[in-house]
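Step one of this worksheet: look at the structure below.
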Amino acid sequence: MKLRIIRYLKHIFITLITLLLIGIIIVVSLHGSIGYGTNELSTNLQNEGPYVFYQNDSIVNVNYIKGNKTDGFYLNKKEYKTDVDIKASSFFPLDSTSFQFTISPNIEIPKSVYDDGEPILAISDIESGYKTFRDFLIENKVINENLNWSFGKGHLVLVGDFVDRGYSTTNVLWFIYKLEQDAKNYGGHVHFILGNHELYNMQGKYQSASHKYYSVASILGKQHHNLFDQQSFIGRWMASKNTIERINGNLFVHGGIHPEIANYDVSIEQVNQLNRKNYYHSYFPKPEKNLEQLIISTKKGISWYRGYFKDDLTQEDVEVGLHKFKAKAVIVGHTIQWKPKKYFNGKVIAIDVKHPKDYNKNWPSKNSEGLYINDHIYYRAKADGTRIQL
């Protein structure tokens, strides 16, 4: 009887180990990793903010969260006129650092096309990793140790999905905002190309958001989607952004360009206009087939398409979209890779890698990478600042 029990337990043990190994193989094959050991500072809300909301056409409220779980939370709230600059700061609990910036009342829609020959550094899918993002930019000489812009007239291109799946969404968004303001002072550019997860949050789909932000919204007396709606400063700022841009002959888009777009007479600017019109409208398939349905589709749309890696495309299928927008290559995020990689004879460059997380460890461990472009040559930009030609 004992031998039978032992054999039974041994069989269960072997089965569990086999399932575990299969799971690990699947995770690794998908270029993913397993998170563990979350730091308790991840949900520290002391000095969390700022959260800026329009009270009416003339007043904005700037909110910082104060307190803790033991003593309770409260808001430090101040009112400002909507037409004044507001000094603000963002606190990062993990290393007790802050960065300062100025909230300007002016929100401008960026251009869709840039041609100046300046160098480009692109990175995608940071997914709420402020420290990872910050340190990558320091090592790659985009900013210095004091977080000040040092990339001259260069282009920093953020290819979508900088929110969700982490605990530093607010830090990341305000940091992008700060970098955008700083770059302008030196003739440089920060391009925040929206991905599907930015659209998720604008449309109230927050299933990938950290539970931390449910608490934040509650303390603010709001729902999660209010953090990014049209009464939120961050929401309005995000709604001004593009989903596709051409910079020095390269297209930057989170998902990709479906070949069917060649069937329509449309410019890059018009694609952005159609997408921007739908930022706050959840997509659902409609019977009619038209350009707008194609652009905002969660299957074929600009911010969602995975066809370069999932569909049986020909070289011509890929290039027809590039010809449409007079581009030599398209740089995409969205579909994870081991490292930045060329596809379709260099016409598609995929740069979505698994970045380290701020508040937890991952196995297997990952290092950030991006893409550096200078003089029409493409390089892998590594986390330590080194570059390897693709």
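Against the conditions (1) touching a residue at least 60 places away in the same chain (Cβ under 8 Å); (2) touching a helix residue (DSSP H, G or I) at 6+ places or on another chain (Cβ under 7 Å), residue 333 satisfies every one except (2). For the range 46-105, the tally of residues that are among the β-branched types (Val, Ile, Thr), closer than 25 Å to residue 357 by Cα and buried (at least 18 other Cβ atoms within 10 Å of the Cβ) stands at 1. State whether the residues of the range 60-78 include one that is under 23 Å from the mean Cα position of the chain (by Cα), at pLDDT 95 or above and part of a strand (DSSP E or B). The answer is no; no qualifying residue exists.
Results for (1) closer than 30 Å to residue 374 by Cβ; (2) of a type outside the set (A, V, I, L, M, F, W, C); (3) out of contact with any helix residue (DSSP H, G or I) (no Cβ under 9 Å at 6 or more places or on another chain), shown as yes or no for each residue.
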position: 182; (1), (2), (3): yes, yes, yes
position: 194; (1), (2), (3): yes, no, no
position: 213; (1), (2), (3): no, yes, no
position: 220; (1), (2), (3): no, no, no
position: 227; (1), (2), (3): no, no, no
position: 248; (1), (2), (3): yes, yes, yes
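Please enumerate the residues belonging to the range 80-89 that are over 30 Å from the mean Cα position of the chain (by Cα) and within 21 Å of residue 219 (Cα to Cα). Selection gives nothing. Every condition in (1) within 25 Å of residue 74 (Cβ to Cβ); (2) touching a His at 6+ places or on another chain (Cβ under 6 Å); (3) charged (D, E, K, R) is met by residue 212 except one, and the failing one is (2).
If you go through the range 186-206 and keep only what is over 24 Å from residue 249 (Cα atoms), modelled with pLDDT of 95 or more and part of a loop (DSSP other than H, G, I, E, B), you end up with just 203.
Out of the residues in the range 116-149 that are touching a helix residue (DSSP H, G or I) at 6+ places or on another chain (Cβ under 9 Å) and of a type in the set (Ser, Thr, Tyr), which is surrounded by the fewest Cβ atoms within 10 Å (Cβ to Cβ)? Result: 130.
The values are calculated or read from the model by the stated rules, or taken from the named source; none is laboratory data. As the structure is a computational prediction, the values presented were derived from the model and not from experiment. Glycine gets a Cβ as well: all are built from the backbone with ideal geometry, and neighbour counts include every protein chain shown.
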